[in-house]
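Structure first, then comments.
The values are calculated or read from the model by the stated rules, or taken from the named source; none is laboratory data. What you are looking at is a predicted structure, and each value in this text was computed from that prediction instead of being measured. Using ideal geometry, Cβ is built from the backbone for each residue, glycine included, and neighbour counts are taken over all protein chains shown.
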Amino acid sequence: MQTQWIITEIDGKVASIATDYRHLVRIAQQVSAMPPEKVGSIGTRKISTEELQDFARYLSWEDLRPFGTPFQIKVWKKLFQLPHKLYSYTEIADLVGNPQGVRAVAHVVAINPIAYVIPCHLVIPKESLDKARQIRALAEGTTLFKGSDLYLLDSLDVGEYAYGAKLKRELIKLQLAQ
(Lines give C-alpha, C1' and ligand atoms only; values in the text may rest on other atoms or scores of the structure.)
Protein backbone atom coordinates (compact mmCIF):
# COMPACT_ATOMS: atom_id res chain seq x y z
CA MET A 1 0.00 0.00 0.00
CA GLN A 2 1.52 3.30 -1.10
CA THR A 3 -0.77 5.66 0.81
CA GLN A 4 0.86 8.73 2.32
CA TRP A 5 -0.66 9.97 5.58
CA ILE A 6 -0.47 13.57 6.75
CA ILE A 7 -0.11 13.94 10.50
CA THR A 8 -1.00 17.32 12.00
CA GLU A 9 0.33 17.93 15.49
CA ILE A 10 -0.33 20.74 17.91
CA ASP A 11 2.23 21.07 20.66
CA GLY A 12 3.36 17.52 19.97
CA LYS A 13 -0.13 16.02 20.19
CA VAL A 14 -1.84 14.45 17.19
CA ALA A 15 -4.78 16.55 16.01
CA SER A 16 -5.38 14.76 12.71
CA ILE A 17 -4.22 11.96 10.48
CA ALA A 18 -5.56 11.96 6.95
CA THR A 19 -4.55 11.30 3.36
CA ASP A 20 -5.12 14.97 2.58
CA TYR A 21 -5.45 18.30 4.37
CA ARG A 22 -9.24 18.11 4.87
CA HIS A 23 -9.08 18.53 8.65
CA LEU A 24 -6.49 21.29 8.65
CA VAL A 25 -8.99 24.10 7.95
CA ARG A 26 -11.24 23.06 10.83
CA ILE A 27 -8.24 22.70 13.14
CA ALA A 28 -6.97 26.13 12.09
CA GLN A 29 -10.38 27.64 12.88
CA GLN A 30 -10.36 26.05 16.33
CA VAL A 31 -6.79 27.15 17.03
CA SER A 32 -7.44 30.70 15.78
CA ALA A 33 -10.16 31.07 18.42
CA MET A 34 -7.70 30.14 21.18
CA PRO A 35 -5.45 32.64 22.97
CA PRO A 36 -1.98 32.62 21.34
CA GLU A 37 -0.31 31.53 24.58
CA LYS A 38 -2.35 28.29 24.53
CA VAL A 39 -0.66 27.01 21.36
CA GLY A 40 3.10 26.72 20.99
CA SER A 41 3.57 24.89 17.70
CA ILE A 42 1.62 23.44 14.80
CA GLY A 43 3.22 21.13 12.28
CA THR A 44 2.49 18.56 9.62
CA ARG A 45 4.46 15.68 8.22
CA LYS A 46 3.88 12.81 5.83
CA ILE A 47 4.44 9.14 6.60
CA SER A 48 3.70 5.83 4.90
CA THR A 49 1.08 3.35 6.04
CA GLU A 50 3.80 1.12 7.48
CA GLU A 51 5.19 4.06 9.47
CA LEU A 52 1.65 4.91 10.60
CA GLN A 53 1.20 1.37 11.92
CA ASP A 54 4.39 1.67 13.98
CA PHE A 55 3.52 5.20 15.13
CA ALA A 56 0.03 4.14 16.24
CA ARG A 57 1.31 1.29 18.43
CA TYR A 58 2.81 3.68 20.96
CA LEU A 59 0.10 6.31 21.19
CA SER A 60 -2.11 6.76 24.22
CA TRP A 61 -5.28 8.85 24.37
CA GLU A 62 -3.24 11.57 26.09
CA ASP A 63 -1.05 11.82 22.95
CA LEU A 64 -4.09 12.90 20.92
CA ARG A 65 -5.75 16.29 20.59
CA PRO A 66 -8.97 15.81 18.65
CA PHE A 67 -11.17 18.86 18.23
CA GLY A 68 -14.88 18.12 18.57
CA THR A 69 -18.00 18.34 20.66
CA PRO A 70 -18.18 16.40 23.93
CA PHE A 71 -20.28 13.72 22.17
CA GLN A 72 -17.77 13.43 19.32
CA ILE A 73 -14.88 13.14 21.77
CA LYS A 74 -16.79 10.47 23.71
CA VAL A 75 -17.34 8.36 20.57
CA TRP A 76 -13.74 8.76 19.35
CA LYS A 77 -12.33 7.94 22.78
CA LYS A 78 -14.47 4.79 22.99
CA LEU A 79 -13.29 3.70 19.52
CA PHE A 80 -9.69 4.32 20.56
CA GLN A 81 -10.09 2.21 23.71
CA LEU A 82 -11.85 -0.81 22.17
CA PRO A 83 -10.01 -4.00 21.23
CA HIS A 84 -9.23 -4.14 17.52
CA LYS A 85 -12.03 -6.14 15.94
CA LEU A 86 -15.03 -5.34 13.77
CA TYR A 87 -17.99 -3.48 15.29
CA SER A 88 -21.32 -2.25 13.97
CA TYR A 89 -22.51 1.33 14.30
CA THR A 90 -25.31 -0.06 16.49
CA GLU A 91 -22.79 -1.62 18.88
CA ILE A 92 -20.81 1.62 19.12
CA ALA A 93 -24.02 3.55 19.85
CA ASP A 94 -24.79 1.09 22.66
CA LEU A 95 -21.24 1.32 24.03
CA VAL A 96 -21.40 5.12 24.29
CA GLY A 97 -24.78 4.96 26.03
CA ASN A 98 -26.85 6.23 23.11
CA PRO A 99 -28.60 3.17 21.62
CA GLN A 100 -31.12 5.36 19.77
CA GLY A 101 -28.35 7.48 18.26
CA VAL A 102 -27.00 5.10 15.63
CA ARG A 103 -27.11 7.75 12.89
CA ALA A 104 -25.44 10.33 15.12
CA VAL A 105 -22.72 7.83 15.99
CA ALA A 106 -22.28 6.92 12.32
CA HIS A 107 -21.80 10.61 11.51
CA VAL A 108 -19.20 11.02 14.27
CA VAL A 109 -17.36 7.91 13.11
CA ALA A 110 -17.38 9.29 9.53
CA ILE A 111 -15.78 12.60 10.52
CA ASN A 112 -13.08 11.07 12.71
CA PRO A 113 -10.07 13.39 12.34
CA ILE A 114 -7.44 10.88 13.48
CA ALA A 115 -7.70 8.05 10.97
CA TYR A 116 -6.29 4.61 11.76
CA VAL A 117 -5.24 5.58 15.31
CA ILE A 118 -8.91 6.05 16.19
CA PRO A 119 -9.97 2.98 14.21
CA CYS A 120 -13.17 4.17 12.57
CA HIS A 121 -12.38 1.78 9.70
CA LEU A 122 -13.25 -1.13 12.02
CA VAL A 123 -16.90 -0.01 12.17
CA ILE A 124 -19.05 -1.59 9.47
CA PRO A 125 -22.79 -1.86 8.78
CA LYS A 126 -24.70 -4.16 11.14
CA GLU A 127 -25.91 -6.36 8.30
CA SER A 128 -22.32 -6.99 7.20
CA LEU A 129 -21.17 -7.72 10.73
CA ASP A 130 -24.07 -10.16 11.18
CA LYS A 131 -23.09 -11.88 7.92
CA ALA A 132 -19.46 -12.05 9.07
CA ARG A 133 -20.51 -13.66 12.33
CA GLN A 134 -22.62 -16.22 10.44
CA ILE A 135 -19.62 -17.08 8.26
CA ARG A 136 -17.49 -17.45 11.37
CA ALA A 137 -20.03 -19.77 12.99
CA LEU A 138 -19.86 -22.00 9.90
CA ALA A 139 -16.06 -22.04 10.05
CA GLU A 140 -15.89 -23.29 13.63
CA GLY A 141 -12.51 -22.86 15.27
CA THR A 142 -11.37 -19.79 13.33
CA THR A 143 -11.28 -16.23 14.52
CA LEU A 144 -13.32 -13.60 12.74
CA PHE A 145 -11.12 -12.32 9.92
CA LYS A 146 -7.81 -13.36 11.39
CA GLY A 147 -5.24 -15.46 9.63
CA SER A 148 -6.55 -17.78 6.94
CA ASP A 149 -10.09 -16.39 6.82
CA LEU A 150 -9.06 -12.74 6.31
CA TYR A 151 -9.85 -13.17 2.60
CA LEU A 152 -13.57 -13.42 3.50
CA LEU A 153 -13.56 -9.70 4.20
CA ASP A 154 -13.66 -9.07 0.44
CA SER A 155 -17.16 -10.57 0.29
CA LEU A 156 -18.64 -8.02 2.72
CA ASP A 157 -19.93 -4.49 2.29
CA VAL A 158 -17.64 -2.62 4.68
CA GLY A 159 -19.59 0.60 4.31
CA GLU A 160 -18.42 4.07 3.45
CA TYR A 161 -15.03 5.51 4.33
CA ALA A 162 -13.76 9.04 3.87
CA TYR A 163 -10.77 7.72 1.90
CA GLY A 164 -12.65 5.05 -0.08
CA ALA A 165 -13.89 1.53 0.57
CA LYS A 166 -10.76 -0.03 -0.97
CA LEU A 167 -8.48 1.70 1.55
CA LYS A 168 -10.92 0.82 4.36
CA ARG A 169 -10.64 -2.88 3.46
CA GLU A 170 -6.85 -2.66 3.37
CA LEU A 171 -6.71 -0.94 6.78
CA ILE A 172 -9.05 -3.54 8.27
CA LYS A 173 -6.84 -6.32 6.91
CA LEU A 174 -3.69 -4.66 8.22
CA GLN A 175 -5.08 -4.04 11.68
CA LEU A 176 -6.78 -7.40 12.13
CA ALA A 177 -3.74 -9.30 10.86
CA GLN A 178 -1.65 -7.92 13.75
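Of all residues in the range 154-178, those being assigned to a loop (DSSP other than H, G, I, E, B), at negative phi and either under 13 Å from the mean Cα position of the chain (by Cα) or not aliphatic (A, V, I, L, M) (or both) number 6. For the range 5-29, the set of residues classified as surrounded by fewer than 16 Cβ atoms within 10 Å (Cβ to Cβ), of a type outside the set (S, T, Y) and more than 16 Å from the chain's Cα centre (by Cα) consists of D11, G12, K13, V25, R26, A28, Q29, listed by residue number. The set of residues in the range 56-75 that are within 17 Å of Q175 (Cα to Cα) and part of a helix (DSSP H, G or I) comprises A56, R57.
Return yes or no: is S48 in contact with a Ser or Thr (Cβ under 6 Å, 6 or more places away or on another chain), over 30 Å from E127 (Cβ atoms) and hydroxyl-bearing (S, T, Y)? Spelling it out, it is not the case that S48 is in contact with a Ser or Thr (Cβ under 6 Å, 6 or more places away or on another chain), over 30 Å from E127 (Cβ atoms) and hydroxyl-bearing (S, T, Y). I10 falls short of the stated requirement of being of a type outside the set (S, T, Y), within 21 Å of N112 (Cβ to Cβ), touching an Asp or Glu at 6+ places or on another chain (Cβ under 8 Å) and at pLDDT 90 or above. Residue check: is V117 buried (at least 20 other Cβ atoms within 10 Å of the Cβ) and either at pLDDT below 95 or part of a helix (DSSP H, G or I) (or both)? The answer is no for V117.
Per-residue answers, yes or no, for (1) farther than 22 Å from I73 by Cβ; (2) among the aromatic types (F, W, Y); (3) out of contact with any His (no Cβ under 8 Å at 6 or more places or on another chain); (4) in a helix (DSSP H, G or I):
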site	(1), (2), (3), (4)
W5	no, yes, yes, no
S16	no, no, no, no
D20	yes, no, yes, no
I27	no, no, yes, yes
E37	yes, no, yes, yes
R45	yes, no, yes, no
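With respect to (1) in contact with a Pro (Cβ under 9 Å, 6 or more places away or on another chain); (2) within 20 Å of E170 (Cα to Cα), the lone exception for T90 is condition (2). A single entry from L122, L95 fulfils the requirement of being surrounded by fewer than 20 Cβ atoms within 10 Å (Cβ to Cβ) and at pLDDT 90 or above: L95.
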